[in-house]
Amino acid sequence: MLTNEYCYMCNKNVDCLIINNKHNKKILKCSVCGNEFYNEGIINYNVKLYNKQNKIYDVSDYIISKVDVITPLILQKLLYFIQGFSYVFLNHNIFEDNCEAWVNGPVYKDIYKKYSKYKYHNIDKKINNYNINLDDEEIKVIDAVIECFSNYNADVLMLMTHKTEPWIKNRIKLNHNQKSKNIINIKDINNYFSNIVKENDIKCLNDISKFSEKLFNIIINSK
């Protein structure tokens, strides 16, 4: 049976299938993107299936709600640093989506698809429903990364990620501007950021600034 509902992922009304989930509860499945969500009574809102495969959308929405200037490129780089530092400070990654080693740095493909229409422009905050499922500890990590990295522009953030080993490792045999879909192993990201914390004496979330400032100085001095 089909019904027309608002899909959080598509950001518009679309035809949705009414199906039973694994708990035998009726949910809606978008016929366009496959997103599954609940519809309770006359209040139509999305409750995403919060496993680590789609929690990246919660993190993205939160970033967009907090950062004044947030282009798709800036969003991608902040996600990369959040994924790495969340492993260090929470002992797990807030989200486990793979990123690819693109020319302009690590890219999470599903997030790229969602916001690619904005290109180099600011993402419109009005299109997002901030129905965010993040706990207090996760938000603290995200806020710390935003605080330490969002003051840099998109080009600088891109160059910062170019100085990180997980991205470099997956670009070794490629030309500078050669396209790639090489997946950056999340274990490499976790190991790298674990080492970064030790090397830079990062003992608390505020200390993340030691790393962002170090990367920035490396970029400046390499010009």
* Asked: In region 65-86, which residues are under 25 Å from ILE202 (Cβ atoms) and of a type in the set (Asp, Glu)?
  -> none
* Take region 157-172 and flag every residue that is among the hydrophobic types (A, V, I, L, M, F, W, C) and within 18 Å of the chain's Cα centre (by Cα). => LEU157, MET158, LEU159, MET160, TRP167
* Asked: How many residues, within region 112-124, are within 17 Å of ILE56 (Cα to Cα) and either in contact with a strand residue (DSSP E or B) (Cβ under 9 Å, 6 or more places away or on another chain) or basic (Lys, Arg) (or both)?
  -> 3
* Between residues in region 64-75 that are surrounded by 15 or more Cβ atoms within 10 Å (Cβ to Cβ) and residues that are in a helix (DSSP H, G or I) and charged (D, E, K, R), which pairs lie under 7 Å by C-beta distance while being six or more apart or on different chains? -> ILE64/LYS125
* Those residues of region 189-208 which are crowded, with 17+ Cβ neighbours inside 10 Å and not hydrophobic (A, V, I, L, M, F, W, C), in sequence order -> ASN190, TYR192
* **Qualifying residues in region 173-223 (those that are of a type in the set (A, V, I, L, M, F, W, C) and more than 24 Å from the chain's Cα centre (by Cα)) - the one nearest to TRP102 (Cα to Cα)** => LEU174
* Structure fact -> Picking from ILE172, ILE146, ILE184, the residue that is touching a strand residue (DSSP E or B) at 6+ places or on another chain (Cβ under 8 Å) and either in the same structural domain as ILE74 (by TED's automatic domain parsing) or among the small types (Gly, Ala, Ser) (or both) would be ILE184
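The values are calculated or read from the model by the stated rules, or taken from the named source; none is laboratory data. Because the structure is a prediction, the values reported are computed rather than measured. All Cβ positions, glycine included, derive from the backbone under ideal geometry; neighbour counts span all protein chains shown.
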